[in-house]
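The values are calculated or read from the model by the stated rules, or taken from the named source; none is laboratory data. Everything quoted here is computed from the prediction, not taken from an experiment. Heads up, the Cβs are rebuilt from the backbone with ideal geometry, glycines too, and the neighbour counts pull from every protein chain shown. With ligands, DNA and RNA removed, areas are computed over all heavy atoms of the protein, side chains included. Shrake-Rupley method; radii C 1.70, N 1.55, O 1.52, S 1.80 Å.
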Amino acid sequence: MVFFSRHQRRGLLAPVIAVLAMTANAAVDGNPLATSDQQTLDALAIKISQDKSFPVLTAEAKAAYKTAHGLPISEEASSSLDAAIEELAFSSIQKAVNSDSYFPKVYWVDAGPRNWFGLDVPGGRYSYDNPDCIYRTIPIDSSLSYIITGYRHGAGPTDVTFSLISDPNSQNTVAHLSGSDLVVNSDGSYTITVNSTSADNQANHIQSTSSAKQLLIRNNLGNWGTEKPDNLTVDLVDDTSGQSAITEAEIILAATWNLQESIVDYGVGALGIKTSLNKVNTLSAPSQSSTLGTLTTQASSFGHFDLADDEALVATVTQGDADYFVFPLTNPWIITSNPASQVSLNSKQAVANTNGTYTFVVSLADPGVYNWINTTGLHEGTFMVRWQGLPTSSSSSTSSTSSPAVEVQVVSLSELASVLPSETRYVTSAERQSLLAQRVAAYAQRTEF
Ligand SMILES: *[C@@H]1O[C@H](CO)[C@@H](O)[C@H](O)[C@H]1NC(C)=O
Ligand SMILES: *[C@@H]1O[C@H](CO)[C@@H](O)[C@H](O)[C@H]1NC(C)=O
Ligand SMILES: *[C@@H]1O[C@H](CO)[C@@H](O)[C@H](O)[C@H]1NC(C)=O
Ligand SMILES: *[C@@H]1O[C@H](CO)[C@@H](O)[C@H](O)[C@H]1NC(C)=O
């Protein structure tokens, strides 16, 4: 975990140790993410990123992101662009190192920088990484047959989805298995088959089509302290082709292509069309779609903010039919700044109003409200609110009470109390520190083993 310098970590250690004793400890039965395949792929991605820096494409990416953002671009926003594009370039390499469908591995991607296995792994976040979500990939070829073996810890993550996608960048879904349809054995184990055979009435089967390229698995953790991602491994079945593994030159070609597509999909698409075209300090009406990495069972709302030191954005979220929602804040280049800071809250972490809605306050200064979202010093940034586990047939544009919704207003901090519900839960600064220490410790479990 390298979100904190060594010096900062020392200061945090005491509350962290106290809280670790209370939360599920990853060391008890191993960290599902700290696998030898993960170590192999992280090491390979680092090696390739050291050999190959994509100067032309990263320059192109910066230009595209700036255009998508629109003028003016403040110094504050400019200051985080280079780092965001470096993460985008590393994500393109991470996608490429696990693209060999004859030698499939399970790879955790789209995460912040970390130190583990003696490796200094750079961040590879892009396009609205969700701090709740463990994203893992498995390369798939429809002419081959795969068995995925899973193991669920306790009740498991709050939301689980297996999306077979046709392109690791645009992430269009071609087939889908949702967590609610997954059959898990009483001992927590499960297997999923992926091949081109149709198996209409068989549980845990995903039928691949000729356009399938990758299985993208999302494990959304609602309660970070107690929920663990599932164990996942993959085996290729009955392959007698004797195919040799893809070469480093092929991986670099794939990474180049990924970065090229990412510029269009995330720069022009996610940042430009989905986000910047909205009026500042508003959120678009929640909408369901199956493109750009969103799920068919998901509704999303995009927006960007511009707040003064003494202003707050107040958002009221209606959960509707969703099993889970998350309200995450991202920097101007649509990646999280420091997930261990309170930059997001989900429906399990936040406190609800008595009528079931949730009121969030987004501001630079801590207003002492339980459901505060810390901008981490940013005056400008972006949001992608997500509701998951929705029925696919539900229409997002109807105004029925079960539809997800979000309403936003900006007020000065001095007026904040007057616009917040009288039932708003406040915290003392000691409570804030303790909540934050719990969050930091829970987040750190992802890379402890
Ligand atoms: C789950 O994965 C962890 C870490 O690799 C391992 O220690 C544990 O034995 C696994 N559990 C099962 C049931 O496979
Ligand atoms: C494909 O999956 C189906 C459904 O699980 C299974 O019955 C069949 O044996 C698999 N095919 C191969 C070639 O493994
Ligand atoms: C808000 O986030 C910043 C940046 O991560 C951090 O330094 C600060 O301590 C956070 N404030 C609180 C009250 O958590
Ligand atoms: C639900 O309660 C909140 C907070 O008390 C209030 O702001 C909101 O208008 C209420 N919504 C409905 C639909 O009653």
Centroid-to-centroid separation of segment 237-282 and segment 79-95 [C-alpha atoms, Å] = 12
What angle, in degrees between 0 and 90 and rounded to the nearest 10, separates the Cα long axis of helix 81-97 from the longest principal axis of the Cα atoms of the chain?
-> 30
HN-Hα J in Hz across segment 358-372 - Karplus 6.51, -1.76, 1.60, θ = phi - 60°, x for Gly and Pro = 10, 10, 10, 10, 10, 7, 6, 7, 6, x, x, 8, 3, 8, 8
Selection from V408, F103, H205 lying farthest towards where the dipole of the chain points positive, charges on Cβ | V408
Principal semi-axes in Å for the chain [√(5λ), Cα gyration tensor, largest first] | 34, 25, 23
Could you run the Debye sum over the Cα atoms of segment 9-260, one equal point scatterer each and no solvent, and tell me log10 of I(q)/I(0) at q = 0.07, 0.08, 0.14 Å⁻¹, two decimals?
-> -0.27, -0.35, -1.04
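Tell me, what is the per residue accessible area of segment 9-260 in Å², probe radius 1.4 Å?
Here the per-residue accessible area is 43 Å².
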Listed residues E311, E431, E407 arranged by accessible area, highest first, probe 1.4 Å | E407, E431, E311
Most mobile of W372, W333, W257 in a GNM of the chain (Cα contacts under 10 Å) = W257
Across P104, P391, P139, the residue with the highest GNM fluctuation in the chain (Cα network, 10 Å cutoff) is P391
Roughly what angle does helix 6-20 make with the longest principal axis of the chain, taking Cα atoms, 0 to 90 degrees, to the nearest 10?
-> 90
Segment 279-447, Cα convex hull volume normalised per residue, Å³ = 123
In order through segment 103-109: 3J(HN,Hα) via Karplus (6.51 cos²θ - 1.76 cosθ + 1.60), integer Hz, x for Gly, Pro | 10, x, 9, 9, 10, 7, 10
Using Cα atoms only, what is the angle between the long axis of helix 429-444 and the major principal axis of the chain, expressed in degrees (0 to 90) to the nearest 10?
-> 10
Which is farthest toward the positive dipole end of the chain among S180, T240, T318, measuring Cα position about the Cα centre, with Cβ charges +1 (Lys, Arg) and -1 (Asp, Glu)?
-> T318
Proximal lysines relative to K348, as straight alpha-carbon distance under 25 Å, when same-chain residues fewer than 8 apart are discounted = K228
Sorted by mean Cβ packing within 10 Å, highest first, what order do the peptides 87-98, 312-323 take?
-> 87-98, 312-323
The chain - charge dipole about Cα centre, Lys and Arg +1 at Cβ, Asp and Glu -1, debye rounded to 20 | 480
